[in-house]
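*Asks:* Before anything else, here's the structure in question.
Bear in mind that the values in this text are calculations on the coordinates, not laboratory data. Please read these numbers as outputs of a predicted model, since none were measured by experiment. Cβ placement follows ideal geometry from the backbone for every residue including glycine, while neighbour counts extend to all protein chains displayed.
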Amino acid sequence: MDTPLNIQKLLDKRMAITTALTLIDWDEQTLAPEGGMELTSNAIKILNEELYSCMVNDEIRQFINENKTDETAIIRKIRKDYKDNVGIPKDEFSGFRTLTSKANRIWAKAKEEDNFDLYKETLTQIIEYVRKFARYRQKEEKTLYDVLLNDYEPGFDVARLDVFFDMIKSEIVPVVKKHRNDKSVNSFNYKKYDIEKQKQFCEYLATYLGFDFKRGVMAESAHPFTTNLHNKDVRITNHYYECDLEDAIFSCIHEVGHGLYELNIPDNLTQTIVGTGATMGMHESQSRFYENIIGRSKAFWKPLYGKLQDTFADNLKDVELEQFIIGINEVKPGLIRTQADELTYPIHIMIRYEVEKMAINDGADVDELKKAWDQMYEEYTGIRPERDSESILQDVHWSGGDFGYFPSYALGNAFGAQIFNTMKKDLKVDELLESGKISVINDYLKEKIHKYGATLESNEILLNVTGEEFNPKYYIDYLKEKFM
Ligand code: ZN
């Protein structure tokens, strides 16, 4: 059916407000001066109130009541957004947004000064809001945390995730332990690499991967991320360190993976409420697929490595391709999620998952969360955090109120491995990579995943592409085969 005019007007207004908020957020993370946030947050507050009014009002309520059985993706989304927000009083909604827009600065300062005490009160308030909102919204979900998980990855509740993370615990933790005392094999990575040259190489790499700079840009920010206004304006960021080559290269590949997904959203979906990636997990499956599954393979680097060697001749001329590949796949259990190797990565997520469950379902206080965090790191990686900044302060997510988001990262890896298992049957992946034909792989993902935008959920996509719903076995097998 066609959307009635009054509802379409609300959807258009919602799109305009989202565009403004996206641009403010992009600006805040890339160029805005540090002192500006306090005042800019007033505008953010008003825009968020308007956004809320577009999702929750009498016209929408009436529309939902008149279309109880209509299951188009857009109506499904209108209904979900209405239900998710209707129970939350408007002043609490904007109060929460104001808190989180300030919390980011407070968190950043606490992390910089390595002092959890500076952030405890803010984090406590955020958790209180998040739990309160989850309670308002809880319907058939068994636990409060399930309500939040449902926001990011519908169909993946605590019961299902417990099974997944138990497999990580029993099958992957022992493999990580085996690598604890490995000798370092990537000393080349920590030599001095000219930052301008890194930028040039990353631009080349992004283009090589199919990122279209006529419809996209690449800027710099403290933490690399991807955002977009529509399929003609997709923005990625990267960051550069003089003595760490891998960081920029693999962040670039990762964000390009996200970017390709958004660039491939078809014209008839873009600028609608389903004109974006299916879910956080499915998005992450694409970025991680490019970053790890393809991006760390020998076949991928075969046609590229010569260019990298030429760009940094002083550092890499004596490093053979073989040695480079071993280096970029080094397993080194550590404390920092964003620097984790491919094998250790899901353990970082498993720990956050357990801590979030404690915070949201058990109402544990922030000191207990910190204690649990440190204990689990010691148990599963063999290293105990000594400093707050490398412990519970390390991630930005909670300062934005994002609880339930972390599991999407691990699920993304697992979705990627399951999709790769099927892709290998359909395409000669290594041959394509060796001959630089990335576009064939890009087209495959576009056809099977990207073109559906958010009209399908993850399990529907996995079923269509691989013939079965989510099955963590492929991910476990992939990791064991690669790292045992
Ligand atoms: Zn990502």
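*Asks:* At 7 Å along the Cα-to-beta-carbon direction for both Asn6 and Lys307, put a label point, then send me their distance in nm to one decimal.
*Replies:* 5.5
*Asks:* What order, most packed first, do the peptides 302-313, 27-38 have when packing is the mean number of other Cβ atoms within 10 Å of each residue? Write down the numbers at each step before the final one.
*Replies:* Values: 302-313: 15.2, 27-38: 12.4.
Ranking the peptides 302-313, 27-38 by packing returns 302-313, 27-38.
*Asks:* Can you give the angle from 0 to 90° between the axis of helix 117-137 and the longest principal axis of the chain, with both taken from C-alpha atoms, to the nearest 10?
*Replies:* 50
*Asks:* Oh, and also: After finding the eigenvalues of the alpha carbon gyration tensor for the chain, what semi-axes result from the square roots of 5 times each, listed largest first in whole Å? Mind dumping the intermediate values first?
*Replies:* Working: eigenvalues 243, 146, 109 Å².
Result for the chain: semi-axes of 35, 27, 23 Å.
*Asks:* Using Cα-Cα distances under 8 Å and only pairs 6 or more residues apart, what relative contact order does the chain have, in percent?
*Replies:* Values: 638 pairs, mean separation 95.3, N = 484.
Relative CO of the chain lands at 20 percent.
*Asks:* Right, here's the next one. Need one number: nm distance between label points at Glu468 and Glu71, each 7 Å from Cα along Cα→Cβ, rounded to one decimal.
*Replies:* Between Glu468 and Glu71, the simple spin-label model gives 2.4 nm.
*Asks:* Considering only DSSP beta bridges whose two residues both sit in the chain, what percent are antiparallel, to the nearest 5?
*Replies:* Working: 5 of 10 bridges.
Antiparallel bridges: around 50 percent, rounded to the nearest 5.
*Asks:* In Å and whole numbers, how far do the C-alpha atoms of region 101-253 stretch along each principal axis, longest first?
*Replies:* Taking the Cα atoms of region 101-253, the three principal extents are 52, 45, 36 Å.
*Asks:* Could you give the C-alpha radius of gyration of region 221-283 expressed as a fraction of 2.2 N^0.38 Å, taking N as the number of residues it contains?
*Replies:* Values: Rg = 13.2 Å, N = 63, 2.2 N^0.38 = 10.6 Å.
Compactness ratio reported: 1.24.
*Asks:* As I understand it, the value is the acute angle between the Cα axis of helix 406-426 and the longest principal axis of the Cα atoms of the chain; what does it come to in degrees, rounded to 10?
*Replies:* Approximately 60 degrees, to the nearest 10.
*Asks:* Out of all Cα-Cα pairs in region 88-182, roughly what percent, to the nearest whole number, are more than 23 Å apart?
*Replies:* Numbers: 2311 of 4465 pairs.
That tail contains 52 percent of the Cα-Cα pairs.
*Asks:* Mind giving me the FRET efficiency for Asp166 and Lys371? R0 is 25 Å, r the Cβ-Cβ distance, nearest 0.05 is fine. Could the numbers behind the result be given before it?
*Replies:* On the way: r = 22 Å, r/R0 = 0.89.
Calculated transfer efficiency: 0.65.
*Asks:* Moving to a separate point now. Using alpha carbons only, what's the Rg to Rh ratio of region 1-158 with Rh from Kirkwood? Write down the numbers at each step before the final one.
*Replies:* Numbers: Rg = 17.8 Å, Rh = 17.7 Å.
Using only Cα positions, Rg/Rh for region 1-158 is 1.01.
*Asks:* A further question follows. Over region 266-327, what relative contact order in percent results from Cα pairs under 8 Å that are six or more residues apart? Don't skip to the answer; put the middle values down first.
*Replies:* Details: 20 pairs, mean separation 13.3, N = 62.
The normalised contact order for region 266-327 reaches 21 percent.
*Asks:* How many nm is it between the label spots at Lys480 and Tyr136, if each spot is 7 Å from the Cα in line with the beta carbon?
*Replies:* Between Lys480 and Tyr136, the label points sit 4.6 nm apart.
*Asks:* Report, to the nearest 10°, how far helix 37-55 tilts away from the longest principal axis of the Cα atoms in the chain, using its own Cα long axis and a range of 0 to 90°.
*Replies:* Long axis of 37-55 versus the principal axis of the chain: about 60 degrees.
*Asks:* Something else: Specify whether the C-alpha gyration tensor of region 249-350 places it in the rounded, prolate or oblate class, a ≥ b ≥ c being the square roots of the eigenvalues: rounded for a/c under 1.5, otherwise prolate if a/b is larger than b/c and oblate if not.
*Replies:* Working: a/c = 3.14, a/b = 1.56, b/c = 2.01.
Because a/c hits 1.5 or more and a/b fails to exceed b/c, region 249-350 counts as oblate.
*Asks:* Which of the listed residues, Tyr261, Pro224, His239, is farthest toward the dipole's positive end in region 211-351, when Lys, Arg count +1 and Asp, Glu count -1 at the beta-carbon?
*Replies:* The listed residue farthest towards the positive side: Tyr261.
*Asks:* Also, quick follow-up: May I ask which of Lys317/Lys424; Lys197/Lys451; Lys111/Lys371; Lys9/Lys90; Lys169/Lys357; Lys13/Lys77 have a Cα-Cα span longer than 24 Å here? Kindly include the intermediate steps, with their values, before the conclusion.
*Replies:* Working: Lys317/Lys424 33 Å; Lys197/Lys451 35 Å; Lys111/Lys371 17 Å; Lys9/Lys90 21 Å; Lys169/Lys357 16 Å; Lys13/Lys77 16 Å.
Flagged as over cut-off: Lys317/Lys424; Lys197/Lys451.
*Asks:* Given Cβ point charges of +1 (Lys, Arg) and -1 (Asp, Glu) and nothing else, what value in debye, to the nearest 20, does the dipole of the chain about its Cα centre take? Before the final figure, lay out the partial values.
*Replies:* Numbers: 62 positive and 83 negative charges, 137 e Å.
Once rounded to the nearest 20, the dipole reads 660 debye.
*Asks:* Let me ask something additional. Give the cysteines in the chain for which no other Cys Cβ lies under 4.7 Å away, or write none if there are none.
*Replies:* Cys54, Cys243
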